[in-house]
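Please treat every number below as a calculation from the coordinates, not as lab data. Quick caveat, the model's predicted, so the values are computed rather than measured. Note that each Cβ is placed from the backbone with ideal geometry, even for glycine, and that neighbours are counted across all protein chains shown.
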Amino acid sequence: MPARSLSDHPNLEHLRNQARALQRAVRRADPDALRRVVDRGVDLPADPTSFALHGAQLVLAREYGFASWPRLRRYLDVVAEYRWDVSTVTEPAGGEVADSAAAGDEAAGDEAVGSVGADVADEFCRLACLTYSDDGPPRWQRAAELLARHPELIRDSVWAAAAAVNVDALRRQVDADPSLVRRRGGPYRWRPLYYLVYSRLEPAGGRDGVLEAVRLLLRHGADPDEGYLWNGLPTPFTLLTGAFGEGEQGPVRQPRHPRSVQIARLLLEAGANPNDGQTLYNRMFREDDDHLRLLFEFGLGTGDGGVWKRRLGDALDSPADMLRGQLSWAIDHGFTERVRLLARHGVDLVTPFDDRRTPVERARLSANRDIVELLLAHGAPAPAPDPVDDLIGAAMAADRAAVRALVAAHPGVAEGARSRRPGLIVWAAAGGRREAVRLLAELGFDVSALGRGDTPVEQPWSTALHHAAADGDLELASTLLALGADPNVTDLRFGTTPLGWARHFERSDLVALLEPVTAGGDPAVSTP
């Protein structure tokens with residue numbers, strides 16, 4: 001694992017200065033600097049004063065997760081070329097383009113000429129497309145209204161024509177100048193097909209019109225593997241990513257394209273690499289697997305990772321590692337059919353994950369017996385007996401008989417479970433496992449403990465009551481309070497109480513429950 005993370009805007013000269021500083025520290029025999037060299041497997045000369053700069057550069061590269069200094073340098077070049085910064089395109093005051101541009105000021109820009117300025121066309125593109133920032137239906141409605149007021153904005157902007165999914169306007173411009181298909185432009189400096197696939201407007205020619213538009217641009221040389229590095233992060237947002245949509249903000253604010261599978265098939269048939277890490281991440285939160293089935297059809301999990309792996313090298317997971325990440329999430333969240341799909345396509349079911357647990361051990365810990373049996377049936381090795389893990393699994397399954405038997409047979413097992421997973425009750429609450437919460441409390445787990453609810457690892461983020469408040473689970477919240485949960489604990493990510501979470505997520509029943517028991521009514525704080 002990398003010991004360091006690159007800054008949001010990594011700079012080669014800054015990294016060179018870091019390497020020189022490390023070289024100087026090694027030459028003066030600084031203990032911390034010497035340890036860094038040894039920890040990264042770099043040869044340390046008998047006389048530290050002869051430590052070379054290339055040795056310091058290698059240490060630094062490995063600390064950032066790269067095998068060598070040249071690979072780190074190549075990565076910086078790729079980031080510079082493909083970076084996409086959402087923050088560099090700001091929304092005009094009041095959410096509207098300037099009056100002069102809206103009226104058709106031809107001097108507003110030089111990317112489009114005609115009866116409206118380029119700023120109007122750019123504003124339309126910005127509103128029409130997913131940006132994985134401030135997304136949602138209100139933006140797309142404003143884009144549709146802007147296009148209705150200024151239908152001419154697509155006439156001279158191939159990027160606006162693509163965002164509007166207007167096949168006639170696209171064909172006219174591309175026929176006149178085929179090089180437009182490969183030209184970057186618009187507010188994000190994307191190429192036309194990218195605006196088309198990331199647009200969430202209803203196509204001008206109906207939903208089948210988008211497929212005609214995709215075919216048109218691909219025939220004229222559009223790159224099916226086009227992608228950009230969102231805010232410089234190393235996982236590319238590709239055309240496949242845009243087609244399949246979704247992500248952390250959910251299917252309403254970041255929906256898949258209405259023709260997601262059909263568009264993705266066209267891209268894959270044109271040569272897009274199916275090993276698309278951002279697609280896999282964005283679509284892992286819900287159980288639907290249509291994206292996986294299509295990607296497997298075209299070789300997901302196989303090959304060398306394609307053009308983006310060659311560009312990004314060590315910064316991008318291998319195809320096999322991408323599937324392992326999917327398996328881990330599916331096991332933890334009880335997505336049995338996804339585990340079955342992954343197992344059927346040969347994902348590694350043996351090697352332990354980063355927490356040193358095998359897939360079967362993770363499934364047992366998550367108390368999903370169906371997944372345990374599925375993994376064993378596909379050849380995964382049976383886990384070694386572990387009374388503590390067995391107790392945790394039984395408690396999460398609310399299997400009181402099994403819990404009683406384990407406690408009777410193994411004195412101290414409950415204490416061992418509390419020591420190993422102090423925030424387990426948070427994981428149970430986030431999954432809505434009310435009986436498990438009650439049983440864990442009976443076993444002595446702290447009902448006000450801080451933990452994580454999105455993955456079963458120990459990290460002090462929020463309490464069980466925070467998650468009950470966010471989910472609007474009045475019964476669970478009442479149970480937690482009755483068990484002694486402290487409503488005044490603030491989470492360590494957003495600095496607010498469960499009441500703050502209830503207000504943020506507009507859970508009126510939970511607000512009514514928590515207001516009387518929260519000290520000071522939870523004064524103004526940051527909310528998630």
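Take every Cα pair under 8 Å whose residues are at least 6 apart in sequence, average their separation, divide by the length of the range 12-84, and the relative contact order is 29 percent.
A cut-off of 5 Å between modelled amide H atoms, ignoring neighbours fewer than 5 places along the same chain, links G232 with W84.
Quote to one decimal, in nm, the extra length available between A46 and R219 on full extension: 0.36 nm per residue of separation minus the C-alpha distance between them.
The span from A46 to R219 would gain 56.1 nm if fully extended.
Ordering L130, N166, L327 by the projection of their Cα atoms onto the charge dipole of the chain, which places +1 on the Cβ of Lys and Arg and -1 on the Cβ of Asp and Glu, puts L327 at the extreme positive end.
Over what distance in Å are the Cα centres of the range 184-253 and the range 424-457 separated? Cα centroid to Cα centroid, the span is 40 Å. If R0 is taken as 25 Å, the Cβ-Cβ distance between D208 and H345 corresponds to a FRET efficiency of 0.20. Counting Lys and Arg as +1 and Asp and Glu as -1 over every other residue whose Cβ lies under 10 Å from the Cβ of A33, the net charge comes to +3.
Could you list V426, V167, V38, V511 in order of exposure, starting from the residue whose Cβ has the fewest other Cβ atoms within 10 Å?
Going from least to most buried by this count: V38, V511, V167, V426.
When L280, L240 are sorted by how many other C-beta atoms sit within 10 angstrom of their C-beta, beginning with the fewest, the order is L280, L240.
What percent does the relative contact order of the range 322-377 come to when contacts are Cα pairs within less than 8 Å and at least six residues apart? In percent, rounded to a whole number, it is 36. Among the chymotrypsin sites (Phe, Trp or Tyr not before Pro) in the range 261-352, none is located in a DSSP loop while being surrounded by at most 11 other Cβ atoms within 10 Å of its own Cβ.
Once the C-beta distance of A382 and R171 is scaled by a Förster radius of 51 Å, the resulting FRET efficiency is 0.25 to the nearest 0.05. Does the range 322-377 classify as rounded, prolate or oblate by the C-alpha gyration tensor (a ≥ b ≥ c root eigenvalues; a/c under 1.5 gives rounded; else a/b over b/c gives prolate, otherwise oblate)? Here the range 322-377 falls in the rounded category. Between A402 and E515, full extension at 0.36 nm per residue minus the direct alpha carbon distance yields a gain of 36.8 nm. In the range 1-43, whose amide N lies under 20 Å from the spot 7 Å out along Cα-to-Cβ of A320? List them in ranges. Zone members listed by number: 1-2.
If R0 is 35 Å, the Cβ-Cβ spacing of D32 and F505 corresponds to a FRET efficiency of close to 0.20. Once C-alpha pairs closer than 8 Å and six or more residues apart are averaged by separation and normalised to the residue number of the chain, the relative contact order reads 7 percent.
Counting each DSSP H run of 4 or more residues in the chain as -39500 (n - 2.57), what helix-only mean residue ellipticity at 222 nm follows after dividing by all residues, to the nearest 500 deg cm²/dmol? Provide the component values of the computation, followed by the final result.
Numbers: 30 runs with 269 residues, N = 528.
Mean residue ellipticity at 222 nm (helix-derived): -14500 deg cm²/dmol.
Which one, (i) 148; (ii) 192; (iii) 166, gives volume of the Cα convex hull per residue in Å³ as derived from the coordinates shown? Entry (ii). When the alpha-carbon atoms of the range 422-521 are used, the pair Rg, Dmax equals 11.8, 33 angstrom. Each Lys and Arg Cβ is given +1 and each Asp and Glu Cβ -1; about its Cα centre, the range 12-84 then shows a dipole of about 80 debye.
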